[in-house]
Structures are given as structure tokens and as C-alpha cells.
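What follows is a single structure, written as C-alpha cells, with notes after it.
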Amino acid sequence: MIPYGKHQIDRRDVDAVVDVLEQRFLTQGDRVPEFERALCAYTGARHGIAVNSGTSGLHIACLALGVGTGDSLWTSPNSFVASANCGLYCGASVDFVDIDPHTRNLSIPLLAQKLARADASHQLPKVLVVVHFAGMSCDMQAIGELCRSYGVAVIEDAAHALGGQYAGGNIGNCAYSDITVTSFHPVKSITSAEGGMVLTNDAVLASRMRLFASHGITKDPVSIQGHSHGDWYYQQQCLGFNYRLSDLHAALGLSQLDKLDEFIARRRQLAGRYFKGLCDLPLKLPRVSNSSAWHLFVVELTKHDRRVSFDALRDRGVGVNVHYIPIHLQPVYQALGFAQGDFPAAEAYYQNAITLPLYPGLTDKEQDKVIGIVREVLS
Ligand SMILES: *Cc1c(COP(=O)(O)O)cnc(C)c1O
């Protein structure tokens, strides 16, 4: 089976991890700050805090922005559940802004409408989590301006988008957002096995996130309140978590970061080959983009039944997948009052979407096989 996504590990990655195993620190050593500095240098963000997953990153991003009981968080229904769950973790309520069927990202006109209505009824959200679906950036300038005018904070869930660009800058530079969250899960642009990073240009948000990621504890003499008891002294200043990334994972992430541009170039090449190979089929293809990180290549069937086609592709060895079941249709969100029909564009998209294999290690030959089988199944 050709999978829909796959990590790519080489000898240098293995050696980087083994190096850590042979050194003194498996965690809280120098690889973590090194990885943080390297991702800041790559993205252009001022501060980076490594965490043990993208999900942990979303949680501490919300906490740092003060999301709590009585607040609300908005996001796209066309995402992984983590984009919304972070609001629930903080005791906030969650709501969604339906997608633009062309970009499959959250719709900016719908966002503008919803913000205006929420403003009139004094129910503005505290935070908007935007998702760069499949690696293509949302229009961050428009979103940033809108949200700023209402005093709504913006988190970019860039789990799909590391290595991509927007308006000439790298995703993660937080030019139009408060915080960007990345993920290093094996299917994403680069991997640390599990892991993630929160990026921000705001020093206060950065220090809050660092605190939340490590029990709420600091040893920094500058941040200690009152007097230190001595060299051993540390202080717990808030209720934090152990969301730290280990040095093993950071070493892998660092080594992978060297190859990020190469990985994205290959993903873009493969996306281009899909556009050529599939253009005459009864399919709605993704928007063409030279700045997308091409995390996913999702086609929408226009004439065929999705379930029948999905099964036929899997039976022939093509490991297709579906991204995403709209979050509000999950039982957890149905129990919160959401219903079928609430976000019709995300639901209509979901009915026909199929994700084709796309990852840097996919060979031309394998992709040609996938294209051939898709053509066969849809003929
Ligand atoms: C993968 C993913 C996450 C969560 O990242 P983890 O590192 O797996 O916790 C969040 N949001 C989106 C859109 C994702 O694809």
C-alpha cells in the first residue's frame, strides 16, 4: 500500500539521535534550545518554544492568550480536532467559521459577518485559530486586520504549513498573528516523531508559554518573585504542564530541519505532476499554489461516489485518506449542541474529498502508478 503521507529519515537523522543517546542529557540539554533557535532563524519569528506535540502547543498558546471559562474560541470546521479542542481544554466554548470551498480554508467574508454579529451582541471570541489547510496559507493580512479591529487574538495552526510562504515571508514569522503553532508528527513537513513548536514575536507571550510548558516553574532569577532561597531555588508561578520536548526528539527535528526546503521542493514537484496527470478527470483539484507547503493533495469527486471510489483505490493499493470529517460532526461537538447543517460548505466538501498520497519520498514511478489507478477507478 502506498500511504498518503510518510516521514523520510536518513543516516544523518539516525546519527543525530544516537549522538544524544551517548551524551549526558536525554532531555533539558542543549539540543532543545538549538532547535528553537534554528526554527526561529528559519521562520523569522523572534521566540520559539519546543513542545512535545502540536496539540500541546495549541493548548499553551491559548493559555498564554488568557483563554478561560466564559471565553470563546473560533476555528475552521475543516481541520483536525486539536484546532478546536485547545479551546475546550481551557474551559472556553468553541465555535466555527465555515470554509471557502475554493481554498478550503476558513471563509473571510463569513468571518467578517460573524465578527460583526458577535460584536453587536457583545460575544466576540477571545481567539481565532486559523488553519492553513493542506499547507496553503490563509489570507493572513485580511484576517489579521479584521481580528485586530475587534481585539481578537489570532493563532495560526500551521501544522500543515511549515516550509510554505505567505506574502513573501515564511509561514511561522507571525507577521499577522500573535502565535504560530507547528507540529512535527511524522506525516508533517518535518518530524521529531512527536513534537511541535510555538512561535511568537511577543516576549511576554513567549515567557508565559515557556512557563506553561514546564509545570509553571521558573528558575530564572529575573522572574523569581521575592527572594531566592539559594542556588537550588525554583518557583511555581502558575499551573503548568510537562509539555517539554526531549533532546532526542529535538535532535531529530534539528537534523530534519536541514532538509525542509528540499522536502517542500519535492512536494511541490509532486503536486505539479498530479495537476498534469489528473486535469482531464471529473475531479475538483486543489487551488494551484507555488507557496503552499503541499502537506496534502485533496481532490473532490464530482461524478463518483466517494465511498465506492475510496474503497476501490484502497483495494488497488493506493492508501488514500480523508481530511477532514468536519469537527462539529464529531460526537463530542454534537453533545455541545452542534448539528448537521451548521457549516454546509465544510460538510459538502467532506462528502467528496479524497486525499491522495503525497510525501517527499514518493517516487515518480509510484506517483504514476497512483495516477494510473485513479484514472482507472474514475473511468
Ligand atoms: C497534526 C495536526 C495537529 C496536531 O499536531 P500533533 O503534533 O499531532 O499534536 C493540529 N492541527 C492540525 C491541523 C494538524 O494537522
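Across region 1-43, how large is the tail of the calculated P(r) beyond 12 Å, expressed as a percent of all Cα pairs? Don't jump to the answer; show the numbers that get you there.
Values: 649 of 903 pairs.
Summing the P(r) of region 1-43 above 12 Å gives 72 percent of all pairs.
With a ≥ b ≥ c taken as the square roots of the eigenvalues of the C-alpha gyration tensor of region 231-288, please select rounded if a/c is under 1.5 and otherwise prolate if a/b is larger than b/c or oblate if it is not? Kindly include the intermediate steps, with their values, before the conclusion.
Details: a/c = 6.11, a/b = 2.65, b/c = 2.31.
Because a/c hits 1.5 or more and a/b exceeds b/c, region 231-288 counts as prolate.
Quick one: compute the contact order of region 170-310, relative version, from alpha carbon pairs under 8 angstrom and 6+ residues apart, as a percent.
Relative contact order of region 170-310: 18 percent.
Heavy-atom accessible area per residue, region 1-131, 1.4 Å probe: how many Å²? Numbers along the way, then the final one.
Values: 5770 Å² over 131 residues.
Result: 44 Å² of accessible area for each residue.
Using only alpha carbon pairs under 8 Å that are at least six residues apart, calculate the relative contact order of the chain and give it in whole percent. Let's see the in-between values first.
Numbers: 794 pairs, mean separation 87.6, N = 379.
That works out to 23 percent.
Please list the three semi-axes, largest first and in whole Å, of the ellipsoid equivalent to region 64-121, using sqrt of 5 times the eigenvalues of its alpha carbon gyration tensor.
On the way: eigenvalues 85, 52, 10 Å².
The equivalent ellipsoid of region 64-121 has semi-axes of 21, 16, 7 Å.
Can you give me the solvent accessible area of Phe80 with a 1.4 Å probe, rounded to the nearest 10 Å²?
110 Å²
Could you run the Debye sum over the Cα atoms of region 176-313, one equal point scatterer each and no solvent, and tell me log10 of I(q)/I(0) at q = 0.12, 0.15, 0.21 Å⁻¹, two decimals?
-0.73, -0.93, -1.25
Report, to two decimal places, the Cα Rg of region 1-136 normalised by 2.2 N^0.38 Å (N = number of residues).
So the Cα radius of gyration is 1.34 times the expected 2.2 N^0.38 Å.
Size of region 295-379 along its principal axes in angstrom, Cα-based, largest extent first?
Cα extents, longest axis first: 47, 28, 20 Å.
How do 191-197, 221-227 rank on mean C-beta neighbours within 10 Å, highest first?
On the way: 191-197: 24.0, 221-227: 8.7.
Averaged packing, sorted descending, gives the order 191-197, 221-227.
One quarter of the convex hull surface, Cα atoms only: what value does that give for region 114-256 in nm²?
Details: hull surface 44.6 nm².
Approximately 11.2 nm², given one-decimal rounding.
With the cut-off at 1.5 for a/c, could you classify the chain from its C-alpha gyration tensor as rounded, prolate or oblate?
Numbers: a/c = 2.11, a/b = 1.28, b/c = 1.65.
Cα axes put the chain in the oblate bin.
Under the definition of Cα pairs under 8 Å and six or more residues apart, what whole-number percent is the relative contact order of region 105-204? All intermediate terms of the calculation are to be shown ahead of the outcome.
On the way: 174 pairs, mean separation 21.1, N = 100.
It comes to 21 percent, rounded to a whole number.
Specify, per residue and in Å³, the volume enclosed by the convex hull of the alpha carbon atoms belonging to region 29-104. Kindly include the intermediate steps, with their values, before the conclusion.
On the way: hull volume 8.8 nm³, N = 76.
For region 29-104, the hull spanned by Cα atoms encloses 116 Å³ per residue.
Ranked from the most accessible area to the least, with a 1.4 Å probe and all protein chains present, what is the order of His229, His328? Kindly include the intermediate steps, with their values, before the conclusion.
On the way: His229 115, His328 0 Å².
Ranked list, largest accessible area first: His229, His328.
Rounded to the nearest 10 Å², what accessible area does Asp342 have for a 1.4 Å probe in the complete protein model?
Ignoring ligands and nucleic acids, Asp342 comes out at about 70 Å².
How big is the C-alpha Rg of region 83-171 next to the rule-of-thumb value 2.2 N^0.38 Å, as a ratio?
Numbers: Rg = 13.0 Å, N = 89, 2.2 N^0.38 = 12.1 Å.
Cα Rg divided by the expected 2.2 N^0.38 Å: 1.08.
So how many Å³ per residue does the convex hull of the Cα atoms of region 128-202 work out to? List each step's numbers first, then the result.
Details: hull volume 5.6 nm³, N = 75.
Spread over its residues, the Cα hull of region 128-202 gives 75 Å³ apiece.
If the cut-off is a Cα-Cα distance under 16 Å, which aspartates and glutamates reach Lys284, setting aside same-chain residues fewer than 8 apart in sequence?
Output for Lys284: Asp100, Glu300, Asp305, Glu347.
In square angstrom, rounded to the nearest 10, how much accessible surface does Lys219 have for a 1.4 Å probe?
Here the accessible area works out near 120 Å².
What is the percent carbon and sulfur in the accessible area of the chain, measuring with a 1.4 Å probe over the protein chains and ignoring ligands? Please list the in-between numbers first.
On the way: 8600 of 16440 Å².
Carbon-and-sulfur percentage of accessible area, whole number: 52.
The values are calculated or read from the model by the stated rules, or taken from the named source; none is laboratory data. None of these values were measured; they are calculated from a predicted model. Here Cβ is always computed from backbone atoms with ideal geometry, including for glycine, and neighbour counts include all displayed protein chains. SASA here: full protein model, heavy atoms, side chains in, ligands and nucleic acids out. Shrake-Rupley method; radii C 1.70, N 1.55, O 1.52, S 1.80 Å.
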